[in-house]
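Okay, structure first, notes after.
The values are calculated or read from the model by the stated rules, or taken from the named source; none is laboratory data. Everything quoted here is computed from the prediction, not taken from an experiment. Cβ placement follows ideal geometry from the backbone for every residue including glycine, while neighbour counts extend to all protein chains displayed.
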């Protein structure tokens, strides 16, 4: 496998993890929001555009918009870090598996 093929695999993993992770976190959180927080959330079309265009960073913005303040920032940073760590870990695991299989 060439370095270009490995980069393609890593890019595909990154897209899947970041978009799916962002969509799961944002939609899961929206179901749990109170009335005031729900009013601050993105409309569905804007939410979907943010997830696909800016994931996983839209997770941080979502929590800032809905929670307003340090609490939202802290929760958003924690979820952002979790998604980025999962992304990095899966990319490393894929690279190791490709090397181990000798592809």
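Structure notes:
- If you go through the range 41-79 and keep only what is within 24 Å of residue 16 (Cα to Cα) and part of a loop (DSSP other than H, G, I, E, B), you end up with 41, 42, 43, 55, 56.
- The set of residues in the range 7-58 that are closer than 15 Å to residue 87 by Cα and more than 13 Å from the chain's Cα centre (by Cα) comprises 7, 8, 9, 10, 11, 12.
- Output for the range 20-39, where each listed residue is part of a helix (DSSP H, G or I) and surrounded by fewer than 16 Cβ atoms within 10 Å (Cβ to Cβ): 20, 24, 27, 28, 31, 32, 35, 36, 38, 39
- Note on the range 66-81: among residues that are in contact with a helix residue (DSSP H, G or I) (Cβ under 8 Å, 6 or more places away or on another chain) and surrounded by fewer than 16 Cβ atoms within 10 Å (Cβ to Cβ), the one that is modelled with the lowest pLDDT is 68.
- In the range 85-103, the residues that are touching a residue at least 40 places away in the same chain (Cβ under 8 Å) and surrounded by 11 or more Cβ atoms within 10 Å (Cβ to Cβ): 86, 87, 90, 91, 94, 95, 98
- For residue 74, the conditions (1) within 17 Å of the chain's Cα centre (by Cα); (2) under 30 Å from residue 7 (Cα atoms); (3) without any contact (Cβ under 8 Å) to a residue 60 or more places away in the chain all hold with the exception of (2).
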